[in-house]
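*Asks:* Dropping a structure here in structure tokens format, bear with me for questions.
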Amino acid sequence: MGTLQPDERGGTRESDERNAPGETGGAGRGTGRRALLGAAVLGAGGAVLALPGTATAAGGTAAGAAAGRRGGGLRSLPTPTIIGHRGASGYRPEHTFGSYELALDLGAHVVEAGDLVPTRDGHLVCRHEPEIGGTTDVADHPEFAGRKTTKTLDGVPTTGWFTEDFTLAELKRLRAIERIPANRPHNTVFDGRWEIPTFEEVLKWQDEQTRKRGRQVWIYPETKHPTYFRALGLGLEERVAKLLRKYGKDRKDSPVILQSFEPTSIQRLNRLVANPLVVLLSDAGSRPYDFVATGDPRTVADLITPKGLKEIASYAQGIGPTLDLVVPKDADGNLGAPSTLVRDAHAAGLLLHPYTVRPENPFLPPKLRKGAAKDAYGDVFSLYRTYFATGIDGVFTDTADLGLLAREDFLNHRSVNH
């Protein structure tokens, strides 16, 4: 959504996606990046149109309870944790079961499944934003042409089609498409292959994949624009909590981490469930929209002070800062010296899972780019190395396989030097 203000992942804060340099216009040719994936990637998740079979609700509840007991809690995850951002969104259209399953095939420790937004009839579905013109084929459905409209989303006029104007049955007629085709033209071959998943389907899928793979599958859903939806009578937190309770995944040791850019959403969830909770943080000068709506003058810069972090630690277990808060960039967009955020957050007892590492040139600092093609990979391993060296506990990445390779390099190097 190009009208949204810069940053990333959190609704109206998309720094490196819609507004990234080189993202619009013709797509350049790739540089054989698919060769990085190996044979397992070529077929993973590729043959299924919709959900690949679901457990019964009762079965899901029992499996979820057992899985939660096995999970051991947030701090049982490997460090640094590799989190598949919207699945394996570097290789498949995001927030689809094809993307989620591929992230697991690649070895992601946690899958961000998904960004939660409601339908008109109150179901939670997984879409990056409530506006779905850029992530589905809704524009190709003449029966929905009249649903296109302009709304003010977190203070930003936004034109398109919105999930809250569709029933679940109507949304299930749509299919997912690649959101940033200029940077990921190869992903467009999968356009139209998968439908929009519901959060309930994801919870069932999590149990199925845990049984199938013989290891606990973790998910990391996010409440999107909770203040906006609460004003529409579509409160997110109660719906999330109800489903987590239904599937026995509402406890401290449950393998479901909940996140939001709005601190009050996390505070509300803290009163409803015992799951591990993470406050997402955009750029330092921004204000969470719930703060804007209530007149709270604080900015993210206030939240990342020792005092602010101590307050967050009173109701959450971690923070998800933009990578620039961990290692700020200089005037040319290259990496500078690390901030004190990792040290300060750890001192407050908080984990850090910053977002989001992407390998394509436009998303990298200029010194790490290779060539000028918008879909070509730059030196992403140097980027990982810099961030891991700060002591972060994990990282969101669109390409879990590359994150895991970088993690292995980092751990081996650390072992040799110690």
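The values are calculated or read from the model by the stated rules, or taken from the named source; none is laboratory data. Only a predicted model underlies this, so the values are computations on that prediction, with no experimental measurement involved. Cβ atoms come from the backbone with ideal geometry, glycine included; neighbour counts cover every protein chain shown. To get the accessible areas, we keep the full protein, side chains included, count just its heavy atoms, and leave off ligands, DNA and RNA. Shrake-Rupley method; radii C 1.70, N 1.55, O 1.52, S 1.80 Å.
*Asks:* Which numbered condition trips up Arg193, out of (1) open to solvent by 60 Å² or more (accessible area, probe 1.4 Å); (2) part of a helix (DSSP H, G or I); (3) over 22 Å from Asp154 (Cβ atoms)?
*Replies:* (2)
*Asks:* Being within 21 Å of Asp398 (Cβ to Cβ) and either part of a loop (DSSP other than H, G, I, E, B) or in contact with a Cys (Cβ under 8 Å, 6 or more places away or on another chain) (or both) narrows it down to one of Arg179, Arg215, Arg287, so name that one.
*Replies:* Working: Arg215 fails: within 21 Å of Asp398 (Cβ to Cβ); Arg287 fails: within 21 Å of Asp398 (Cβ to Cβ).
Going through Arg179, Arg215, Arg287 in turn, the sole match is Arg179.
*Asks:* Still on this structure, I have one more. Exactly one of (1) in contact with a strand residue (DSSP E or B) (Cβ under 9 Å, 6 or more places away or on another chain); (2) open to solvent by 30 Å² or more (accessible area, probe 1.4 Å); (3) closer than 30 Å to Ser99 by Cα is unmet by Asp324. Its number?
*Replies:* (1)
*Asks:* So Lys151 fits all but one of (1) in contact with a strand residue (DSSP E or B) (Cβ under 9 Å, 6 or more places away or on another chain); (2) of a type in the set (D, E, K, R); (3) assigned to a loop (DSSP other than H, G, I, E, B); what number is the exception?
*Replies:* (3)
*Asks:* Those residues that are closer than 30 Å to Glu311 by Cα and among the hydroxyl-bearing types (Ser, Thr, Tyr), I need them from segment 324-382; list them, please. Write out each step before concluding.
*Replies:* Quick first cut of segment 324-382, residues closer than 30 Å to Glu311 by Cα only: 324-330, 335-357.
Of everything in segment 324-382, those that are closer than 30 Å to Glu311 by Cα and among the hydroxyl-bearing types (Ser, Thr, Tyr) turn out to be Ser339, Thr340, Tyr355, Thr356.
*Asks:* While we're on this one: From the list Asp207, Asp290, exactly one residue is within 22 Å of Pro354 (Cα to Cα) and out of contact with any strand residue (DSSP E or B) (no Cβ under 7 Å at 6 or more places or on another chain). Which is it?
*Replies:* Numbers: Asp207 fails: within 22 Å of Pro354 (Cα to Cα).
The match here is Asp290.
*Asks:* Starting from segment 162-174, keep only residues that are closer than 17 Å to Arg193 by Cα and at pLDDT 95 or above, then list their pairs with residues that are among the acidic types (Asp, Glu) and surrounded by fewer than 18 Cβ atoms within 10 Å (Cβ to Cβ) whose Cβ atoms are within a distance under 8 Å, requiring at least 6 positions of separation or different chains.
*Replies:* Leu174/Asp137
*Asks:* Could you tell me which residue of segment 232-253 is surrounded by the fewest Cβ atoms within 10 Å (Cβ to Cβ), considering only residues that are assigned to a helix (DSSP H, G or I) and hydrophobic (A, V, I, L, M, F, W, C)?
*Replies:* Per the criteria, the residue is Ala241.
*Asks:* Next question, about the same structure. List, please: which pairs have Cβ atoms under 9 Å, are six or more places apart or on different chains, and start with a residue in segment 133-147 that is touching a residue at least 40 places away in the same chain (Cβ under 8 Å) and within 13 Å of Ile196 (Cβ to Cβ) and end with one that is part of a loop (DSSP other than H, G, I, E, B) and β-branched (Val, Ile, Thr)?
*Replies:* Pairs found: Thr135/Ile177; Thr135/Ile196; Thr136/Ile177; Thr136/Ile196; Asp137/Ile177.
*Asks:* Further question: Out of the residues in segment 221-231 meeting the condition of being touching a helix residue (DSSP H, G or I) at 6+ places or on another chain (Cβ under 6 Å) and in a helix (DSSP H, G or I), tell me which one is surrounded by the fewest Cβ atoms within 10 Å (Cβ to Cβ). Reasoning before the result, please.
*Replies:* Going through segment 221-231, the residues touching a helix residue (DSSP H, G or I) at 6+ places or on another chain (Cβ under 6 Å) turn out to be 223, 226-227, 229.
Going one step further and asking which of them are in a helix (DSSP H, G or I), we end up with 226-227, 229.
Numbers: Pro226: 26, Thr227: 18, Phe229: 22.
Across segment 221-231, the extreme among qualifying residues is Thr227.
*Asks:* Can you pull out every residue in segment 302-321 that is out of contact with any strand residue (DSSP E or B) (no Cβ under 8 Å at 6 or more places or on another chain) and either assigned to a strand (DSSP E or B) or open to solvent by 40 Å² or more (accessible area, probe 1.4 Å) (or both)? Talk me through it step by step, then tell me what you get.
*Replies:* Here is the first cut: in segment 302-321, the residues out of contact with any strand residue (DSSP E or B) (no Cβ under 8 Å at 6 or more places or on another chain) are 302, 305-308, 310-311, 313-314.
Answer for segment 302-321, where residues must be out of contact with any strand residue (DSSP E or B) (no Cβ under 8 Å at 6 or more places or on another chain) and either assigned to a strand (DSSP E or B) or open to solvent by 40 Å² or more (accessible area, probe 1.4 Å) (or both): Asp302, Thr305, Pro306, Lys307, Lys310, Glu311, Ser314.
*Asks:* Now, a different point. Please specify each residue of segment 327-344 satisfying the condition of being within 18 Å of Arg369 (Cα to Cα) and either among the basic types (Lys, Arg) or open to solvent by less than 80 Å² (accessible area, probe 1.4 Å) (or both). Please lay out each step first, then the result.
*Replies:* Filtering segment 327-344 down to residues within 18 Å of Arg369 (Cα to Cα) leaves 327-336.
Answer for segment 327-344, where residues must be within 18 Å of Arg369 (Cα to Cα) and either among the basic types (Lys, Arg) or open to solvent by less than 80 Å² (accessible area, probe 1.4 Å) (or both): Val327, Pro328, Lys329, Asp330, Gly333, Asn334, Leu335, Gly336.
*Asks:* What are the residue pairs meeting all of these: first residue in segment 343-372, first residue polar (S, T, N, Q), second residue open to solvent by less than 70 Å² (accessible area, probe 1.4 Å) and at pLDDT below 95, Cβ atoms under 7 Å, and 6 or more apart or on different chains?
*Replies:* Every condition considered, the pairs that remain are Thr356/Glu8; Thr356/Arg9; Asn361/Gly22.
*Asks:* Given the conditions (1) out of contact with any helix residue (DSSP H, G or I) (no Cβ under 6 Å at 6 or more places or on another chain); (2) surrounded by fewer than 24 Cβ atoms within 10 Å (Cβ to Cβ), report the number of the one that Trp218 does not fulfil.
*Replies:* (2)
*Asks:* Moving to a separate point now. In segment 137-152, is there at least one residue being under 30 Å from Asp375 (Cβ atoms) and under 19 Å from the mean Cα position of the chain (by Cα)?
*Replies:* Within segment 137-152, not a single residue is under 30 Å from Asp375 (Cβ atoms) and under 19 Å from the mean Cα position of the chain (by Cα).
*Asks:* Another question, then. When you scan segment 254-263, do you find a residue that is in a loop (DSSP other than H, G, I, E, B), polar (S, T, N, Q), in contact with a helix residue (DSSP H, G or I) (Cβ under 6 Å, 6 or more places away or on another chain) and crowded, with 18+ Cβ neighbours inside 10 Å, even just one?
*Replies:* Step one: list which residues in segment 254-263 are in a loop (DSSP other than H, G, I, E, B), which gives 254-255, 257, 261-262.
Filter once more, keeping what is polar (S, T, N, Q): 254.
Narrowing the set further to residues that are in contact with a helix residue (DSSP H, G or I) (Cβ under 6 Å, 6 or more places away or on another chain) leaves 254.
Restricting the remaining residues to those that are crowded, with 18+ Cβ neighbours inside 10 Å gives 254.
Yes, there is a match, as at least one residue in segment 254-263 is in a loop (DSSP other than H, G, I, E, B), polar (S, T, N, Q), in contact with a helix residue (DSSP H, G or I) (Cβ under 6 Å, 6 or more places away or on another chain) and crowded, with 18+ Cβ neighbours inside 10 Å.
*Asks:* Further question on the same structure: Just wondering, is there one or more residues in segment 145-163 that are crowded, with 18+ Cβ neighbours inside 10 Å, touching a Cys at 6+ places or on another chain (Cβ under 8 Å) and of a type outside the set (A, V, I, L, M)? Reasoning before the result, please.
*Replies:* Step one: list which residues in segment 145-163 are crowded, with 18+ Cβ neighbours inside 10 Å, which gives 153-154, 158, 160-163.
Next cut, touching a Cys at 6+ places or on another chain (Cβ under 8 Å) only: none.
No.
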